[in-house]
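Undergrad: What follows is a structure written as structure tokens; I'll ask about it next.
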Amino acid sequence: MTEKNQEKIDILSLSQAELEDEILLLGEKKFRAKQIWQWLHVKKVRNFDKMSNLSAQFRGKLSDIFCIKSLIISKRLASNIDNTVKYLYELPDGNHIETVLMEYNHGYSLCVSTQVGCKMGCRFCASTIAGFKRNLEPSEILLQLYETERDSGIKVSSIVLMGIGEPLDNFDNVTKFLDILSDKDGSNMSLRHVSLSTCGIVPRIYDLADKSYGLTLSVSLHATTDAKRSEIMPINNKYNINELISACKYYLHKTGRRISFEYALIDGVNDSKEQAKELSRLFKGMQSHINIIPVNKIKEREFTSNRKSAIRFRDLLIDLGVNATVRRTLGSDIDAACGQLRREYEI
């Protein structure tokens, strides 16, 4: 982005109410804000000149004050196994993020990033290796949807915030994105079609519950004891398992939405029968679901597992009365797991 654009207001990051306030400050009628909003979020134009029901003078004024950000496709990888497509997007400042388009029986889902890199330090995750750079703005999260739909010609029916970054570490921008995404005059996506994955920033789980969005909360658990979880997930040193489960119960009570717990299975680390028993005790009487994920092999880490191990562990849990499934692997031939493409591109 040029220095001139950096001084302009990022119009795609404004809520409709904020846009109305800006337009009123320009001495224009309030209804103009709705016209602009629909050009941006329904027709998804990339410049003000396309807004044909606005006068040329007004379009020029908008261009002087606001900027419409865009993303550039640096790399696009399409799987030969399934219809998964992985995008490496270049941001206006030259940083890169990843977005993954996935096909399911119910439609297409998009996995979006919320930060450039990640500071959480989970030892099995590729996203943290290249380092944390900055938070994404609401517009930069939203544009992953708009640019992917534009490139693919596909209408996305659900969003998962499970790409690069920790969504709750970028709480204000992520919730602003959710508000814009669900605006009835824009994309109008029901937040019941959105899943947000967190490693467990406990205070923000309470904050998210109080917003009553109705989205699905996915919590990365990955271990059943504080000692083991702290070893692979440093966030546990700040918020332990008991604190995390208490926050999750509050979320469940507040929203009525079942929580999905992600469990990245690592051979010899968290895959024993005793750990399956601990999981069953941990979630006894709680409306929850365990999603077992064979850990992705990354060259900087020694951790491994496979689908056979995941199925064995799932069966142990089911025998113990736990609702458990193994996550379907998509795009394995294009390293569709988050963080790997960005890291290889920027090294």
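Each reported figure results from applying straightforward, stated rules to the coordinates on display, with no laboratory input. As the structure is a computational prediction, the values presented were derived from the model and not from experiment. Note: ideal-geometry Cβ built from the backbone for every residue, glycine included; neighbour counts use all protein chains shown.
Undergrad: Once both axes come from the Cα atoms, what is the angle between helix 31-41 and the longest principal axis of the chain, in degrees from 0 to 90, rounded to 10?
TA: Roughly 50 degrees between the two axes.
Undergrad: I'd like the orientation of helix 241-255 relative to the chain: the angle between its Cα long axis and the longest Cα principal axis, in ° from 0 to 90, rounded to 10.
TA: 50 degrees
Undergrad: Please figure out what share of the DSSP beta bridges in the chain is antiparallel and state it in percent, rounded to the nearest 5.
TA: 40 percent
Undergrad: Okay, moving on. Can you give the angle from 0 to 90° between the axis of helix 202-211 and the longest principal axis of the chain, with both taken from C-alpha atoms, to the nearest 10?
TA: 50 degrees
Undergrad: Check the straight Cα-Cα distances from K119 and name the aspartates and glutamates below 12 Å, setting aside those fewer than 8 residues away within the same chain.
TA: Cα-Cα hits under 12 Å: E166, D169.
Undergrad: Could you please report the charge total around Y251, scoring K, R as +1 and D, E as -1 over all other residues with beta-carbon less than 14 angstrom from its beta-carbon?
TA: Summing Lys/Arg as +1 and Asp/Glu as -1 gives +3.
Undergrad: Let me know the shape class of region 187-323, please: from the alpha-carbon gyration tensor, a ≥ b ≥ c as square roots of the eigenvalues, rounded when a/c is under 1.5, otherwise prolate if a/b is greater than b/c, or oblate.
TA: Taking the square roots of the gyration eigenvalues as a ≥ b ≥ c, region 187-323 is prolate.
Undergrad: Would you mind calculating the relative contact order of region 3-67 from Cα pairs under 8 angstrom and at least 6 residues apart, reporting the percent as a whole number? Provide the component values of the computation, followed by the final result.
TA: Working: 41 pairs, mean separation 25.0, N = 65.
Relative contact order for region 3-67 comes out at 38 percent.
Undergrad: Placing +1 at every Lys and Arg Cβ and -1 at every Asp and Glu Cβ, with all other atoms neutral, what dipole size does the chain have around its Cα centre, in debye to the nearest 20?
TA: Using Cβ point charges on Lys, Arg, Asp and Glu, the chain gives about 700 debye.
Undergrad: Rg to Rh for the chain: what is it, with Cα atoms only and Rh by Kirkwood? Don't skip to the end; give the middle numbers.
TA: Details: Rg = 21.2 Å, Rh = 21.3 Å.
Ratio of gyration radius to Kirkwood radius for the chain: 1.00.
Undergrad: Can you give the charge dipole size of region 132-178 about its Cα centre, rounded to the nearest 20 debye, using +1 on the beta carbon of Lys and Arg and -1 on the beta carbon of Asp and Glu?
TA: With only Lys, Arg, Asp and Glu charged at Cβ, the dipole is about 60 debye.
Undergrad: Kindly list the residues of region 55-79 that lie in the label zone of E90, defined by a backbone N under 17 Å from the point 7 Å along the Cα-to-C-beta vector.
TA: Once the point is set 7 Å along Cα→Cβ of E90, 69-77 turn out to lie under 17 Å by backbone N, inside region 55-79.
Undergrad: Could you compute the FRET efficiency for S157 and N306, with r as their C-beta to C-beta distance and R0 at 25 Å, rounded to 0.05?
TA: Step by step, r from the Cβ atoms, then E = 0.25.
Undergrad: Further question on the same structure: Report the calculated FRET efficiency for D21 and S230 (r = Cβ-Cβ distance, R0 = 51 Å), to the nearest 0.05.
TA: Given R0 = 51 Å and the Cβ-Cβ separation, E is 0.65.
Undergrad: Would you kindly state how much longer the chain becomes between F31 and R134 on full extension, computed as 0.36 nm times their sequence separation minus their alpha carbon distance, in nm to one decimal? Present the calculation step by step, with values, prior to reporting the outcome.
TA: Working: separation 103, 0.36 × 103 = 37.08 nm, distance 3.50 nm.
Roughly 33.6 nm would be gained on extension.
Undergrad: If you stretched the chain out fully between D210 and D315, how much longer would it get, using 0.36 nm times the residue separation minus the C-alpha to C-alpha distance?
TA: Difference between extended and current length: 34.3 nm.
Undergrad: Which one of A264, C125, Y87 is farthest out on the positive end of the charge dipole of the chain, using unit charges on Cβ (Lys, Arg +1; Asp, Glu -1) and the Cα centre as origin?
TA: Result: A264.
Undergrad: What lysines sit close enough to K273 to cross-link, taking a C-alpha to C-alpha distance under 26 Å and skipping anything fewer than 8 places away on the same chain?
TA: Result set, ordered by chain and number: K228, K249, K284, K297, K308.
Undergrad: If the reach is capped at under 19 angstrom between alpha carbons, list the lysines near K184, excluding any in the same chain fewer than eight residues apart.
TA: K30, K34, K43, K44, K155, K176, K211
Undergrad: While we're looking at this one, here's another question. Hey, could you get me the Stokes-Einstein D for region 3-67, Kirkwood radius over alpha-carbon pairs, 4 °C and 1.567 mPa s, rounded to whole µm² s⁻¹?
TA: Numbers: Rh = 11.8 Å.
In µm²/s, the coefficient rounds to 109.
Undergrad: For K184 and N242, FRET efficiency with R0 = 51 Å and r from the beta-carbon atoms, rounded to 0.05?
TA: 0.80
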